[in-house]
Every structure is written in structure tokens, then in C-alpha cells.
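A short write-up of the structure that comes next.
The values are calculated or read from the model by the stated rules, or taken from the named source; none is laboratory data. Keep in mind the model is a prediction, meaning the values are calculated, not measured. Reconstructed Cβ throughout: ideal geometry from the backbone, glycine too, with neighbour counts over all protein chains shown. Calculation scope for accessible area: heavy atoms of the full protein, side chains included, ligands and nucleic acids excluded. Shrake-Rupley method; radii C 1.70, N 1.55, O 1.52, S 1.80 Å.
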Amino acid sequence: MKEKLTIVKVGGAVVEDELQLSQLLKDFSAIEGRKVLVHGGGRKATKMAERLGIETKMVNGRRITDGDMLEVVTMVYGGLVNKNLVARLQAHGINAIGLTGADANAIRSHKRPPVIIKDSSAADGSATGSSLVDFGFVGDVDQADGLMLSRLIEAGITPVMAPLTHDGEGHILNTNADTIASETAKALAQYYDVTLIFSFEKKGVLRNPDDEDSVIPVISRYLFNEYKADGTISGGMLPKIENALAAVESGVSRVIITLATAIDGKHGTIIER
């Protein structure tokens, strides 16, 4: 029987909110057994870029990363956010280590090729055309090293994963934090009974974004396709649920999207096969 492992992904908005972040780190530290923390930090990166006079461009909830933006996200994700989280977990008695995908070859990826994106500028949200988008220095994951991470975990060390990967040729690549969480969970599912929790500023996936209590209790692949088609789910929530579904379809035992202050697994939206 596999030992239980909990992976918590904390979103950028929570990283920005001191009250939510403090509670999440307290709750995360109280989780029994083996665990991993994965973090975003997009809002901090956007603010830092603004201070440096660098424009932020997003397409379908994903950041376009040119050379200047790559420097920003490397500094913010791999340094400022990651090391502050590690230090704060140490204060809670958690022996944490901060990792990017380049550290110990934890996660290798390849540079995303330009992709065709459908435009949705019509009033009813329907596609009005398409365009070729180059996301720049953005990585799509090839492999996460579950064996290496499991060895750290078995040594009593809690990995704190930043949303940066590498291509094996000396280049850092910006990678969606939800993807990092999903790929880490999939790799570790070979060794553990994994629960993956996507925590952010909402109570779960909302049917109505203006109603905090309109949480969709369960989402399957079939329901996701329906919600995407009718516009119930859109924007940055799309890649989050895609990653959640990919995890549960690849052997992760349980996947939940929930409020950052409710990572006990009893609330939120459950993702099913």
C-alpha cells in the first residue's frame, strides 16, 4: 500500500494576500505526512515588470514571455517568492527546499512552438478568427523526475516548486504553475497515493463568477467540455482544469480545486475522471 502524499498548489493572488498566505502556510504545515508545495506568483511578476517598465501580455490566461519578461519571472518565481515561502515554512518547523525545474533536473521541458489561437471578440463570445501566437520562452513539460523528488521527500525534506523549468540546453523556461503541480503529481503518483489540491482565492470553480457560493461540486471531462462550450468556464480557469483533469486521468488519486484557507480537502470542486 502506497504512503499518502499531499501536493498543494498556491496561486499568485494568495501569495499577494498576507492573511490568506499566512493561513495557508499554517494549514499546509499541519498536514500530516509527506507533502509538496507548488507556487505561482504571476501577480508579483506583473507588478515587478511594471516597476521595471516591461509590458505584460497575456493570451488565454497564459503569459507571453520575451527575454525581458523571462528575467523578471526568473527573479520573482525562483528567488523572491520561492525563498520567502521556504523561509516561512522553516519557521513552521517544515524542513523545506526551494526548487526550479532546473535544480537536480527536477522538470525538463521544451520551448512551446507558436500556436494558432481562436479569437473570441464577438459579443456572444463566438470565435471571430484566429491568430498565430508565439508565447516566447514558455516551456511545455516533457518529464518530471518523480524518483529524485521521492528521495528528497523520504529524507524528510519538503520540496517547494517554482513555476520554472529547463530545456536541458542551458535555458530556463517559464511554465504554468498549475502544469508544474499536475506534472509533479503525475510523476509522484508512481510512488505515493497522491492528493493534489489547487488552492486559490475562490471557494472552487464557480458557475457564476459574481456569486461566491455558486461552486460546481464535481467536474468530469464531459462536464468540462460542456462548461467550456457554453462559456461557464473561461480564461485562466481553462488551463487550471485541463491540468487537474490530466492529473486525475494519469493516476493521481484525488484532485480538488478549493479556497486557499480550506485545504483540508472537504470543500471545493472535485475533479473526476
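Of everything listed in (1) in contact (Cβ under 8 Å) with a residue 60 or more places away in the chain; (2) open to solvent by 10 Å² or more (accessible area, probe 1.4 Å); (3) touching a helix residue (DSSP H, G or I) at 6+ places or on another chain (Cβ under 9 Å), the single unmet condition for Leu89 is (2). Scanning the range 22-45 for residues that are open to solvent by 10 Å² or more (accessible area, probe 1.4 Å) and within 28 Å of Ile64 (Cβ to Cβ) yields Gly42, Arg43, Lys44. When the residues of the range 55-86 are filtered to those that are open to solvent by 50 Å² or more (accessible area, probe 1.4 Å) and assigned to a strand (DSSP E or B), the one that is farthest from Pro163 (Cα to Cα) is Met58. Mind checking whether some residue in the range 216-223 is free of Cβ contacts under 8 Å to residues at least 12 places away in the same chain, loosely packed, with under 14 Cβ neighbours inside 10 Å, assigned to a helix (DSSP H, G or I) and out of contact with any helix residue (DSSP H, G or I) (no Cβ under 7 Å at 6 or more places or on another chain)? Yes, the range 216-223 contains at least one residue that is free of Cβ contacts under 8 Å to residues at least 12 places away in the same chain, loosely packed, with under 14 Cβ neighbours inside 10 Å, assigned to a helix (DSSP H, G or I) and out of contact with any helix residue (DSSP H, G or I) (no Cβ under 7 Å at 6 or more places or on another chain).
Hey, among the residues in the range 253-267 that are surrounded by 23 or more Cβ atoms within 10 Å (Cβ to Cβ) and part of a loop (DSSP other than H, G, I, E, B), which one's farthest from the chain's Cα centre (by Cα)? Out of the qualifying residues, it is Ile263.
Regarding the range 229-238, can at least one residue be identified that is in a helix (DSSP H, G or I) and either in contact (Cβ under 8 Å) with a residue 12 or more places away in the chain or basic (Lys, Arg) (or both)? Yes, that holds for at least one residue. The listed residues are Ile116, Ile97, and the only one of them that is among the aliphatic types (A, V, I, L, M), part of a strand (DSSP E or B) and open to solvent by 70 Å² or more (accessible area, probe 1.4 Å) turns out to be Ile116. Filtering Ser199, Ser150, Ser131 for residues that are assigned to a strand (DSSP E or B), among the small types (Gly, Ala, Ser) and out of contact with any Ser or Thr (no Cβ under 9 Å at 6 or more places or on another chain) leaves a single hit, Ser131.
Looking only at the range 1-41, residues that are not small (Gly, Ala, Ser) and not in a helix (DSSP H, G or I) come to 19 in all.
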